[in-house]
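Here's the structure we're looking at; comments come further down.
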Amino acid sequence: MVAEPISSTSTRKDQILREAALLFAQRGFHGVSITELGAAVGISGPALYRHFPSKEALLARLLVGISQRLLAGGTALASRIDDPAELLGALVDFQLEFSVREPELITVQDRDLASLPAEERRRVRALQRAYVEIWVDTLRRRNPGLPVESARVAAHAAFGLLNSTPHSALRADPGHAAALLRQMAVTALTDTARHAS
C-alpha cells in the first residue's frame, strides 16, 4: 500500500506513524532501525526522539491508536443504529474499510504486538475485547438465543476474514475483492444462529 501524500495539515508525528506502519509491515518491528525511520520522513534518526521517546513508544502509539479508533467507531455506530441487522452490516463495512485502507496495521498487529511493553499490550487487548463485545452484543440481538461464546467465535471469524486484506488480491481488483469479503462476512454472520444451535 502506498502512503497517502502528506497534506499541509498533517503533522510530522502523523507522517512518522504512517511511514513506521509501512516499514514495520514490510520488515518487522525489529527489522527497522531508528535511522531508517528517520530517513523515511526526511529527518535524522535521533530527531525522531523529539516526537516519540522510543521505538517501542512509536509502536504503542500505532497499535493503541488503531484499537482506540476501532472501538470509538464501533461504539458510535452502536449508539446511532438501533436495528441489529443494520448495525451488523455497518460494523462489517466499518471493519472492512479499515482493513482495505490500512492493511499494514493488520500485519504489524499480528506480528509485533508481543514487542509492546506489557502495560501497553494489556491496553491494546482490553480495547480489542471491548470492540469485539460490540459485535457479540449485536449478533445476539440479531439472533436471540445465540450463546455468547458462539457469538464471540463468529465475531473473531469475521475479523479473520475481513482482516485477510494483507494476503488477498486487493491490489489486482480492490473493488471486487472488498465486495466479496463483505458478502462472505455478512452471509456468515447472519447465518450464525442456524449453525450455533
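Things worth noting here:
- Charge dipole (Cα centre; +1 on Lys/Arg Cβ, -1 on Asp/Glu Cβ; no other charges) of the chain amounts to roughly 380 debye.
- Over all other residues within a Cβ to Cβ distance under 12 Å of residue 38, the charged ones net out to +1, with Lys and Arg as +1 and Asp and Glu as -1.
- Carbon and sulfur %, accessible surface of the chain computed with the full protein complex present, 1.4 Å: 55 percent
- Cα-based shape type of region 84-143, given that a ≥ b ≥ c are square roots of the gyration tensor eigenvalues and the cut on a/c is 1.5: oblate
- Centre separation in Å (Cα based) which lies between region 68-125 and region 18-55: 24 Å
- Helix 148-162 axis, angle to the chain major axis (alpha carbon atoms, nearest 10°): 50 degrees
- Calculated over the chain: convex hull of Cα atoms, volume per residue (Å³): 128 Å³
- For 100, 32, the ranking by accessible surface with the largest value first comes to 100, 32, using a 1.4 Å probe.
- Here the Karplus relation 6.51 cos²θ - 1.76 cosθ + 1.60, evaluated at θ = phi - 60°, turns the backbone of region 53-70 into coupling constants of x, 6, 5, 5, 5, 5, 4, 4, 4, 4, 7, 5, x, 5, 5, 5, 4, 5 Hz, with x for every Gly and Pro.
- The chain - accessible surface per residue (Å², probe 1.4 Å): 52 Å²
- Where only DSSP H runs of four or more residues are counted, the chain gives -23000 deg cm²/dmol as its mean residue ellipticity at 222 nm, each run worth -39500 (n - 2.57).
The values are calculated or read from the model by the stated rules, or taken from the named source; none is laboratory data. Computed from a predicted structure; not experimentally measured. A quick note on method: Cβ atoms are made from the backbone with ideal geometry, for glycine too, and the neighbour counts reach across all protein chains shown. Heavy atoms of the whole protein, side chains included, go into the accessibility calculation; ligands, DNA and RNA do not. Shrake-Rupley method; radii C 1.70, N 1.55, O 1.52, S 1.80 Å.
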